Amino acid sequence: MTITAPTAPNITEPSLYLDGIPHERFAEIRNTDGLMWHDYHDGGFWVVGRHADVKTVSKNGTVFSSAVGMTNLWDLEADAIEARRSLIDTDAPDHTRLRRLVARAFTPKNIRLWEDTVRDITVDLLEAFIAKGEGDWVEEVAAPLPIRVILTMLGVPVEDAGYLVELSNFLVEGTGETQSIPADAFGNTTDLRLLPFNSPASHALFEYGEKIGDLRRQNPQDDLVTSLVQAEAEDGDRLSGSEYRNLFHLLIFAGNETTRTALAHGAMALADHPDQWQRVLDDPAMIDSAVEEVLRWSTPVLHMRRTTTERVELGGTQLEAGEKVVIWYASANRDETVFDDPFTFDVGRVDNPHFSFGGGGPHLCLGAFLARLEIQILLEEMAKRNIHLTRTGEPVRAPSNFVHGVLSVDMAVEARS
Ligand code: HEM
């Protein structure tokens, strides 16, 4: 293929993200006519940075497939695609069937049933942090909160939260350039290219999921793992062994890493913009719009990939079938044609159609209501205690072009009466 399109500035180098999202590069991409082409070691991809184009791709899962080349930036061999495929890497009708097996647990009505659990977990963590007065916000609050919630829903012992957060951190490492653990870590003997995120931690997570799945098969409980292993849709459909373990893996990873990132960036934004936090304290009705702004501001997932299944025009560029297209939420969420002053953190933002949960369409984040509830309750409990956060250190960011991760950030907390 001869590419005549303009070449995009480098936005894939993981170390770039150690200083935050390279927003000026994304602005150049958004403001260039047509789509830009990005070289990558396995060939390259089309960069989709404008809000409208991200929406077009997200909404049309038939033309922009999640299954053909899966949703990661890099290309995979056919056997790796099959071994790694989970809900997020399928198209209809497989996607419709799999999603139906889990969707019920995540409807707004069913998520609201977890409100007291989320609040109890939040209050425990917040009170402990206040008692200490300062510490690493990620370790003390942002990481434990979502993992404890998703584990409680799944029916996984909360004592294992630390271990599962550690595994998630190793998965994120797999999206960077170096992994700190050897290929045979956790007793892994599977070729890394067959494991999600190329990480031996995926083997550990699969093993963990299988163990708890076996326990629930023998002794069913009122929890999500039980409903997954027993999953029966109206037509008597069941999850296969590999569907179950990949879904368990996805729920653990997606259910904690992303919300943790939102809670970390949210706290940093409120500490850095005390006037915005004051607006929330003065008018708690503003919490709803503050939650959406925290989501837009933090953009925990930076991109997803699709593959074209037919010839199609996108953003002023003609694409052929079989081309790699990468949609960048990090860019769409700062699109100056959609958001007024996109680089201003504004908790009262009224029109806020951010794409932190995806650009709409079939794969729209399954956990969106849960994530919103977690952020909302944290803000409510902080406001009730008149908490003021100040930063006492710089964040340590994950060297990843896939998640906007914060590994640690020191904060001091004061609860003013
Ligand atoms: C702030 C937190 C979160 C963010 C920013 C986020 C972001 C995303 C994004 C961008 C997608 C892909 C959308 C697309 O391709 O169109 C996605 C999908 C998904 N998310 Fe989330 N997510 C969050 C929290 C959660 C939670 C708490 C869960 C809980 C279990 C979850 C489970 C999933 C699943 C299962 C999918 C795949 C859905 C499908 O393919 O049908 N996410 N999420």
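The values are calculated or read from the model by the stated rules, or taken from the named source; none is laboratory data. Model, not experiment: these values are computed from the prediction. Neighbour counts run over all protein chains shown; Cβ positions are idealised from the backbone, glycine included.
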Original post:
Can we say Asp341 is more than 28 Å from Asp116 (Cβ to Cβ), surrounded by fewer than 17 Cβ atoms within 10 Å (Cβ to Cβ), of a type outside the set (Val, Ile, Thr) and modelled with pLDDT of 95 or more?
Top reply: yes
Original post:
Limited to segment 56-80, what total is found for residues that are out of contact with any helix residue (DSSP H, G or I) (no Cβ under 8 Å at 6 or more places or on another chain) and without any contact (Cβ under 8 Å) to a residue 40 or more places away in the chain?
Top reply: 2
Original post:
If Arg193 satisfies every condition in (1) outside any loop (DSSP other than H, G, I, E, B); (2) in contact (Cβ under 8 Å) with a residue 60 or more places away in the chain; (3) crowded, with 22+ Cβ neighbours inside 10 Å but one, which is the exception?
Top reply: (3)
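Would you pick out the residues in segment 370-402 that are in contact with an Asp or Glu (Cβ under 6 Å, 6 or more places away or on another chain) and assigned to a strand (DSSP E or B)?
Of everything in segment 370-402, just one residue is in contact with an Asp or Glu (Cβ under 6 Å, 6 or more places away or on another chain) and assigned to a strand (DSSP E or B), namely His388.
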Original post:
Can you tell me which residues in segment 129-153 are more than 20 Å from Arg385 (Cα to Cα) and aliphatic (A, V, I, L, M)?
Top reply: Ala143, Ile147, Val149, Ile150, Leu151, Met153
**OP:** Answer yes or no as to whether Arg279 is within 11 Å of the ligand (Cβ to nearest atom) and modelled with pLDDT of 95 or more.
**Re:** no
Subject >> Boolean, Phe357 is within 21 Å of the chain's Cα centre (by Cα), away from the ligand (no atom under 16 Å from the Cβ) and assigned to a loop (DSSP other than H, G, I, E, B) >> reply: no
Original post:
Can you list the helices (runs of 4 or more DSSP H) found entirely within segment 42-152 that contain at least 3 residues being aliphatic (A, V, I, L, M) and either in contact with an Asp or Glu (Cβ under 6 Å, 6 or more places away or on another chain) or within 14 Å of the ligand (Cβ to nearest atom) (or both)?
Top reply: 94-103, 115-132
Original post:
Could you give every pair whose Cβ atoms fall below 7 Å, whose first residue belongs to segment 101-128 and is touching a residue at least 60 places away in the same chain (Cβ under 8 Å), and whose second residue is small (Gly, Ala, Ser) and within 13 Å of the ligand (Cβ to nearest atom), counting only separations of at least 6 or pairs across chains?
Top reply: Phe106/Gly367
